[in-house]
Structures are given as structure tokens and as C-alpha cells.
1. Can you pull the one-decimal nm distance between simple spin-label points at residue 195 and residue 250, each 7 Å off the Cα toward Cβ?
2. How would you rank 213-225, 242-254, highest first, on the average number of other Cβ atoms within 10 Å across their residues?
3. So if each residue of separation counts as 0.36 nm, and I subtract the Cα-Cα distance between residue 222 and residue 187, what length gain in nm does that give?
4. Given a Förster radius of 56 Å and the C-beta distance between residue 387 and residue 104 as r, what FRET efficiency does 1/(1 + (r/R0)^6) yield to the nearest 0.05?
5. Length gain on complete extension for the stretch residue 404 to residue 202, per 0.36 nm per residue less the alpha carbon to alpha carbon distance?
6. Spelling out what I want: for every residue of the stretch 321-331, take phi, set θ = phi - 60°, compute 6.51 cos²θ - 1.76 cosθ + 1.60 (Karplus), and round to whole Hz; glycine and proline get x.
7. What's the FRET efficiency of residue 176 with residue 300 using the Cβ-Cβ distance as r and R₀ = 35 Å, to the nearest 0.05?
8. At residue 378 and residue 232, where each label point lies 7 Å from the Cα along Cα→Cβ, what is the point-to-point distance in nanometres?
Amino acid sequence: MNSYKYTAVSASGEQIQGMIEAVDQLEATAKIRQQYDMILSISEIQGRGIQMPGFLNVDIGGAKLDAKAFTLMCSQFTTILSAGIPIARAVKLIGDKTTDKYLKKILAKVAEDVEAGRTVSASFEEHGGNLLPPTFCETIRAGEEAGDLSGAFESFYRHFDKQTKMGAKVRSAMAYPMFVLTIAVIVVIILMVKVVPTFTAIFEEQGSTLPLPTRILIGTSNFISKNILFIILIIAMLIVAFILYRRNPKGAMNLARLQLKLPIFGNITQLNAASLFANTMATMLGAGLPMTKAVTITGQVMANDVYKEKVLNMVGRIEEGKTVVDTMREAEVMPDILTDMVGVGEETGEMKRTLDIVAEYYDHELEQAVAKAIAMLEPALLIFLAVVAGFIVIAIYMAMFTMYEGM
């Protein structure tokens, strides 16, 4: 869709300036003539996104979407539009009440565009950039075309709120062991650099032969104390190398494959992908999008790059005339239950309803898998910490007993 700026004359003789979305200038002219008797001028707007203030582009590019603020915004749109308030007024009301600075800037721009006659979806897509989910603009656009904007906001609100909560649980399960291990490493380093050297000085004064565990502990402590800056530098370099590797498309794909092979976490990743696929497809089809567009958007939001590539490759096969279930079987990444249910949905013509049912199933399975993972990781991490701490304590006490025996 292209944007056109126009000047027209109303039935009362008043000059009106506005903006309209159309495929080409001929369609834009036809739409304007439905409202006004005379068109004085019409011109296509070129590069509107590039003409935005530079500071706004910088903020949006470096910003992160506040899930809670965005969910609240969608809920407010649902309520206000259901009350019969015009969309232009609704955007302005919500923009004034929003506390998130990025959403406030976006809504301010959207309010200006809508008042000038532009569609909500096109304005959100332009000013939201990469900050807003791709499913959002597509859902709103479908709602505009169907004449049910309030229903579109409600549908997306339910979908996004559900996926945000589920994603938070998955990230929590993934981040928990890394957090505990990081704290454990920091504590051990502090013990080795600050605490153990104090005991080492006492042991060396006695001059007696120390037990093997104590000698290992002292040697490790001396190594860490002398090379602490070098160790920190190596760790920092490894972190930077990992980030750069993950940003590389080939590296990101390799990490995605590795994630699927991990014990415990691989199963969580697969269940999360199945849940995300079913929920997103159900939302897109419920919004009225054609199958190929729904699959494209679903592929774009997949969290794992392996699933993203496989789902996006399905689009070309569907355009060739294959059924969705056949393309899913060819992809060989989706669970059999999900694939079979999609086949049932295609055969019965109830794809949206079938996907809703299977989405609930995988949401439940994902919650159970996350809870099970946390239950398994907690004792494992506690045992690991107990072994490390126990070794340090035993090494120190053995040296102390040796000292007492030599007195």
C-alpha cells in the first residue's frame, strides 16, 4: 500500500487536506471522490519513514518492547473501541495515558496519521519499526479490512499476553542454572583470592607437609590470585565471541541446533516451538489472513532459528499447491500430534478451532516441562555447590588437623 497526500473541496466549499492509503494513485483518487466532489491536488508521499526525526529512530532502534505496557495498550484499545469511541480519539487517549516513553512516541505519530486519514496498521508498521511484533500489524490490518478493529485488538491482546507469560516461564527455566553457576563461580573466586591465602600463610609458617587436598586448594588459589586479571579478560573475550557468533546467521543456526540437542532444554525448546506455532497460526487465521500469509508471519516469530527456517520454507511448498500438513511432514520438525491435528483441521475446515485446542495442549505440556526442569536442576545445582564448598572446607580442616598433630 502507498500513501497519498491530497487536497479536496467538501460539499460546503471548504478545502480539506488529508492522507489516504491505496495501491496506486487511480485507486486513491476513486476513494477520495467517494467523500468529496472535487480534488485539487494529490501526490504520493515518498520515504515517510526516512523523514522521521533522527532521535526517534535512534530510540526505537535501541529500545526493547515493554511487554506489560504493550499488553495494557492492546487491552485499552479493546475497551475503548468497544465503547464506540472513534479510532483517532482512542489513539490519542491511550497515548496520553501511556507511561512507556517508546510507545508514547509511537502513539503520538499514529494519532497524527490517523487524524490525517491514514490507516492504523500502516502507521503502526511505519513508526513501530522492529519494536512491535510482526503479528501485531498484520492482525490490526486484517481487523481493519474486516471492519472489526476492536475484535482485532482483543484477539492480539489475548495472544500476546499468553505468549509473554509462557515465554517468561521458559526464559526463567533457561536462566536459572546460569544464574546459580555464575554466583557460584564468583563466590569461589572470592574465596580463592581473599580467604584461602590467609590460611596459606598460616600453614606455610608451620613448615609441615600438607595433605594432598590442601596442596591442590593452595595451588589453585595461587594460580587464580596471580592470574585473576588474565582470567577475567579471557572470560570477557569468550562472552564477546559468543555474542558475535550468535549474531552471525550461520552461528545462530548452529546454536539453535545445539539447543535442540540439549537434555532437558531441548525438550522445552521443542514444546515452546509447537506452542508458539499453534497459537500464532490460530491468531493469524482468526484475524482472517490467508494461509500463506499466516504461515509467513508464524515463521518470523519462531524463537528457534531451525524452526524459523523450516516454517518459512513451508510457504513456497504451500504456494505450489501442497497442503499445510504435507509441508509440515516434509519439514520434520513439528511433533506428530501437532501435525496430525493440523491435518484434521484442513480436512474438516476447522483449522482455527483445531489449532486452539492443540495450542492449549502444548501450553500445558510446556508448563509441565518447565516445572519438571526446575525441579531437576535445583538439587543438581545444590549438590554441585555442596561438593565445591565441601572440598574447600575439608582441605582447610585436614591441614589444621595436621598442624595440631605436629604440635
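1. Simple spin-label model gives 4.6 nm for this pair.
2. Highest mean packing first, the order is 213-225, 242-254.
3. Length difference between fully extended and current span is 11.0 nm.
4. On the way: r = 51 Å, r/R0 = 0.92.
After rounding to 0.05, the efficiency reads 0.65.
5. Details: separation 202, 0.36 × 202 = 72.72 nm, distance 1.25 nm.
Value of the extension gain: 71.5 nm.
6. Calculated HN-Hα couplings, in order: x, 6, 6, 4, 5, 5, 5, 5, 5, 5, 5 Hz.
7. Values: r = 28 Å, r/R0 = 0.81.
Step by step, r from the Cβ atoms, then E = 0.80.
8. Placing both labels 7 Å along Cα→Cβ, they lie 3.4 nm apart.
The values are calculated or read from the model by the stated rules, or taken from the named source; none is laboratory data. Bear in mind that the values here come from a model prediction, so they are computed numbers and not experimental data. Neighbour counts are summed over all protein chains in view; Cβ atoms, including those assigned to glycine, are modelled from backbone coordinates with ideal geometry. For the accessible areas, the whole protein counts, side chains as well, though only heavy atoms, and no ligand, DNA or RNA atoms are used. Shrake-Rupley method; radii C 1.70, N 1.55, O 1.52, S 1.80 Å.
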